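This report concerns only the one structure given below.
Values in this text are rule-based calculations from the coordinates and carry no lab data. None of these values were measured; they are calculated from a predicted model. Note that each Cβ is placed from the backbone with ideal geometry, even for glycine, and that neighbours are counted across all protein chains shown.
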């Protein structure tokens, strides 16, 4: 049985995907108090005070008995008798912290804060994901009692701090235009919060609205003086002075995020195991979550791993992991590489680079231009390669190389980046690269591919002819696609007609 609890919004619980009826408001208040301390003993007197307040004249006649009744009903609602345990002086909810959305959210925020100076892009992604856990504006929405109200205030303050940290990262990353509207809203909601106003001033100035920024500062200064008798914080005053004298910090240059991948193939067949393995390697390289096996890929018998290094269960070690996909002509190694690259785009948010061949110097020059650099016309391959790796420093970019004779100068070699080399010969990959061999399709996968392109009814009527087509094409997906496309374009042909046509041409 899998239980998940929601605190960040209306209180809720799901058991194996099914919504649980948590009963009356006071019963929900007891659950809320236990959820905020999962696995820990919560004293009964704290539950009583949290539900009815500290003034015992407002308590019911038997508050301890009522808490016990609520606990009994919660056990029945949750469907697991041993989940809510009564012991001397209190109750304990035996659920792991990760079963409660609040603690997953707090872990994401803490990781983002720890990364904000080392990797602002990743820190921002983590904050966006963490804040996405909130449903609506209030935690424990609809839950009564003093404890729930105090918890709402505490959680709202934490959310406000996380939102400010996210907007601060936006300004760090040059996203001042995107941050301006939410900062204006926060400044209106929190007219005395000086950090919000500092960020608002900076965003206005960077958007070319310097006069408006100074007007906002003067309004803040007058408000704080009139309402609190205080001057703005030193950081705000110094920023306003720097803006006034044209010495405010300039925004960082917005870095291009190239997306050069060719279109994906929507009906890849028979490569599910290879896709899972390739996606795992690349996601671990990009620092993203491993969500393998997505996309419309039919299952197959599994990958054939070549004599090169094989990926084990542990993480990829070293900067710039390289994944090589090789196989006979027509095996679809290129199509598989493109498909996997599309699957893992979210793990490489700073861009995806692609080349289908060419001289290394020309390819590197194109990559540099896509990354916002200006390569010199007379630079050699070594110089261009050094500039390429320098441009990738601190960024997470995926490089897809297809049909490249010498991939060495084009590999990123930078932590957080990765490369996929399609059609890679064993001797052309660097030491430590992961190599997967893409072989012919299994007979049932070849049948499935033909059925998807030609139509299930046509292939079902001539199973023996379908087997002959697959054999004539060597069970290679590229050749099967070409043959199937010819048959699909000729509705009066039978599969046997296609067999004769292929046999005549050898």
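Things worth noting here:
- Sorting 210, 482 by the number of Cβ atoms found within 10 Å of their own Cβ, with the fewest placed first, yields 482, 210.
- For 259, 417, the sequence from fewest to most other C-beta atoms within 10 Å is 259, 417.
- Here the convex hull built on the C-alpha positions of the chain has a volume of 221 cubic angstrom per residue.
- Averaging Cα coordinates gives a centre for the range 9-74 and one for the range 405-477; these two points are 57 Å apart.
- Tail fraction, Cα-Cα pairs, the range 443-504, threshold 13 Å, whole percent: 52
- Relative contact order, whole percent, for the chain stands at 11, derived from Cα pairs under 8 Å and 6 or more residues apart.
- The range 443-504, relative contact order [Cα under 8 Å, separation at least 6], %: 39
- Volume per residue for the range 99-236 equals 128 cubic angstrom (convex hull of Cα atoms).
- Degrees, to the nearest 10: 495-504 long Cα axis against longest axis of the chain: 50
- In terms of the mean number of neighbouring beta-carbon atoms within 10 Å, the peptides 152-158, 397-403 order highest first as 397-403, 152-158.
- Axis angle, to the nearest 10 degrees, between helix 63-78 and the longest C-alpha principal axis of the chain: 10 degrees.
- Across the range 3-101, Cα pairs under 8 Å and at least six residues apart give a relative contact order of 36 percent.
- Mean residue ellipticity (222 nm) of the chain, computed from DSSP H runs ≥ 4 via -39,500 (n - 2.57), nearest 500: -15500 deg cm²/dmol
- Share of Cα-Cα pairs in the range 363-506 lying beyond 20 Å, as whole percent: 60
- Between 0 and 90°, nearest 10: helix 443-454 axis offset from the chain longest Cα axis: 80
- Where both bridge residues fall in the chain, DSSP classifies roughly 45% of the beta bridges as antiparallel.
- Taking the C-alpha atoms of the range 1-41, convex hull volume expressed per residue in Å³: 77
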